[in-house]
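Here's the structure we're looking at; comments come further down.
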Amino acid sequence: MACALPALLLAACGTTTQQQTQKPRFNLAGYSVSFKQGHADGCASASGKQRRDERLFRDNADYMMGWNDGRSACK
């Protein structure tokens, strides 16, 4: 028993080879639907091909701000 306890403690300290990746979560409560949509598109654009509704980005300030914030937050 005396040998088993240190072995269990050492086993609990081992590292895993698999990386755990979690998407960032943002509290967007109180923001407009356009801002939230822009944020989601901007965040998706940060790690790959740009995803953006050009008409909304040009004509809708909430979408544009959300897109810029989302891209910056997810870089």
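Here, segment 30-75 has an Rg and a Dmax of 9.2, 28 Å when only alpha carbons are counted.
Computed from phi, the 3J(HN,Hα) profile of segment 34-48 under the Karplus parametrisation 6.51, -1.76, 1.60 (θ = phi - 60°) reads 5, 4, 4, 5, x, 4, 4, 5, x, 5, 5, 6, 5, 10, x Hz, with x in place of Gly and Pro. Highest average first, the peptides 54-67, 30-43 ordered by how many other beta carbon atoms sit within 10 Å of their residues are 30-43, 54-67.
Read-outs throughout are calculated quantities, based only on the coordinates presented, and are distinct from any laboratory measurement. Fair warning: this is a prediction, and the values are worked out from it, not measured in the lab. Note that we place each Cβ from the backbone using ideal geometry, even for glycine, and neighbour counts take in every protein chain shown.
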